Amino acid sequence: MMRRVLPLLLILLAASRAGAQIPIQKVYNEVGIDQKLGTRIPLDLAFLDEQGRRVTLDEYVHSGPVVLSLVYFRCPMLCTEVLNGMVEAFRGLSFSAGREFSVVTVSIDPRETPELASQKKERYLEEYGRPGGAAGWHFLTGDARSIKELADSAGFRYLFDPRSGQFAHAAGIMIVTPEGRLSRYLFGVQFDPKDLRLALMEASGNRIGSFADRLLFLCYHYDPLTGRYGSVIMNVFRGAGTLTILLLGGGIFLMLRRERRKRARPAEIG
């Protein structure tokens, strides 16, 4: 329930800040993120990069895992929070954009231009502050058809409000494998670097990360209900604790039963 309520509150708050006139029930029913794990996104879709150059998604995926985010650059609130959360998580990684992984941020607003994308990229590269970031983080714009097809394939549902000129949309990022398949979803506007690291490692088929990272990966599993990684070890400990309690209880029961039988034997003999 909370998985649905929290994104909805973020969506409604963003819509109210934008002065949107979309009915709340319509937002609740039609806006959200549907996990389409294993789905291959259409890599032949054409967009424009920050320099106005025509590119396809196919150019970004084959060198390693990709962090995919769908936002729009003139968003007054929620998209900025998502991008801020992304760059904060990236700074917490030992991996670097442009080396172990790539980032593709696509505007869902067909009215936006490469100039806006360039401004956004400059700002977030400055915040990221790592060498090679420019080659690893791409800000794209495109036409309505390409945007809609990409969003549909990723399960990203949004609404446009013509009165305010803004979009109602959910918050989250997607991890894409080098084959172009959706591997993991991380929800919200803040992303745990540990969750992101594990998702990138998993999407790469463990081709990135140190030996210690791989050992850590064995201790966690992905929970699609929360969009986070939980500790397998803790579950094992909980299970072992429950089993221990059951065994102790069973042992005590058997000991008491034997004691009763011993006490009953003299009476039977007499």
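The values are calculated or read from the model by the stated rules, or taken from the named source; none is laboratory data. Quantities reported herein were computed from a predicted structural model and do not represent experimental measurements. Cβ placement follows ideal geometry from the backbone for every residue including glycine, while neighbour counts extend to all protein chains displayed. These area figures cover heavy atoms from the full protein model, side chains too; ligands, DNA and RNA do not enter into them. Shrake-Rupley method; radii C 1.70, N 1.55, O 1.52, S 1.80 Å.
Values computed for the structure shown
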item: Count of region 133-155 residues which are hydrophobic (A, V, I, L, M, F, W, C) and assigned to a strand (DSSP E or B); result: 3
item: Condition met for GLU179 (open to solvent by 30 Å² or more (accessible area, probe 1.4 Å) and either among the polar types (S, T, N, Q) or part of a loop (DSSP other than H, G, I, E, B) (or both)); result: yes
item: Failed item, numbered, when PHE90 is tested on (1) within 14 Å of the chain's Cα centre (by Cα); (2) surrounded by fewer than 20 Cβ atoms within 10 Å (Cβ to Cβ); result: (2)
item: Out of ARG184, ARG197, sole residue that is in contact with a Phe, Trp or Tyr (Cβ under 8 Å, 6 or more places away or on another chain), assigned to a helix (DSSP H, G or I) and either at pLDDT 55 or above or open to solvent by less than 40 Å² (accessible area, probe 1.4 Å) (or both); result: ARG197
item: Segments classed as helices (runs of 4 or more DSSP H), wholly inside region 17-98, with at least 3 members that are touching a residue at least 12 places away in the same chain (Cβ under 8 Å) and closer than 19 Å to PRO178 by Cα; result: 58-61
item: Candidates ARG130, ARG163 - the one that is over 20 Å from THR39 (Cα atoms), touching a residue at least 24 places away in the same chain (Cβ under 8 Å) and surrounded by fewer than 15 Cβ atoms within 10 Å (Cβ to Cβ); result: ARG163
item: ASP109 vs. criteria in a helix (DSSP H, G or I) and out of contact with any helix residue (DSSP H, G or I) (no Cβ under 7 Å at 6 or more places or on another chain); result: no
item: Top-ranked residue of region 99-127 - restricted to ones that are open to solvent by less than 10 Å² (accessible area, probe 1.4 Å), among the hydroxyl-bearing types (Ser, Thr, Tyr) and touching a residue at least 40 places away in the same chain (Cβ under 8 Å), ranked as nearest to PHE167 (Cα to Cα); result: SER107
item: Test set (1) of a type in the set (Lys, Arg); (2) farther than 20 Å from ALA151 by Cβ; (3) part of a loop (DSSP other than H, G, I, E, B) - ARG123 fails condition number; result: (3)
